[in-house]
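A quick write-up on the structure given underneath.
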Amino acid sequence: MKKSWALMIVLALVAVLSETAGCVAPPPSPAPPPSPSTFNLTFKYGVGAKNELNTSQRTYTKDMIMDPSITVNLSLSKEELDRIYQKMIEINFFGYPDEFSVSVSPGESVGMVTPYYSYYFKVEYDSRVKELWWEDDIINQDKKAEKLRELITLIQDIIESKDEYKQLPLPRGGYI
């Protein structure tokens with residue numbers, strides 16, 4: 001009988017110690033990769049990808065649709081470039097194929113939109129270059145497309161927050 005009690009006490013101690021060990025804080029998650037020493041982005045978007053941000057030239061070109069495009073000086077801060085780079089890391093942008101498209105399973109209905117936006121990225125970072133082209137004409141649900149749209153929205157929000165962008169005239173006309 002004494003051995004049973006002793007065994008139960010040992011088992012209870014092991015259980016308590018196991019629980020306590022489980023309460024220890026997990027190791028910290030790895031820090032996001034540091035921003036590269038060189039990071040430049042050419043980002044084209046819109047119908048025909050006619051709008052363009054070029055961080056190495058510090059310019060932005062706006063598609064004026066019926067009128068000639070307008071190019072202005074526009075620079076992004078180190079913090080804004082870091083936010084873009086960190087978002088790229090978060091969504092595994094550098095793992096996307098050079099030509100991205102939404103994949104549709106055989107027999108699945110395909111939803112398409114016209115006119116549609118095209119996107120082109122050329123990212124230069126630490127002596128490497130990543131390019132990506134995407135014709136965003138398929139509207140079917142796709143996780144990778146959603147993540148890429150998050151990055152696109154971030155970049156467009158940064159561009160549109162700039163005074164240089166806000167001072168540009170509205171284009172005449174539209175695409176149909």
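Things worth noting here:
- Modelled spin-label separation between TYR165 and SER105, with each label point placed 7 Å from Cα along the Cα-to-Cβ direction: 3.7 nm.
- Under the shape rule built on the C-alpha gyration tensor, where the axes satisfy a ≥ b ≥ c, region 41-123 is oblate, since a/c reaches at least 1.5 while a/b does not exceed b/c.
- The local environment of THR71, defined by Cβ-Cβ distances under 9 Å, has a net charge of 0 under the rule Lys, Arg +1 and Asp, Glu -1.
We did not get these values from a lab; they are worked out from the coordinates using the rules stated. Quantities reported herein were computed from a predicted structural model and do not represent experimental measurements. Cβ atoms come from the backbone with ideal geometry, glycine included; neighbour counts cover every protein chain shown.
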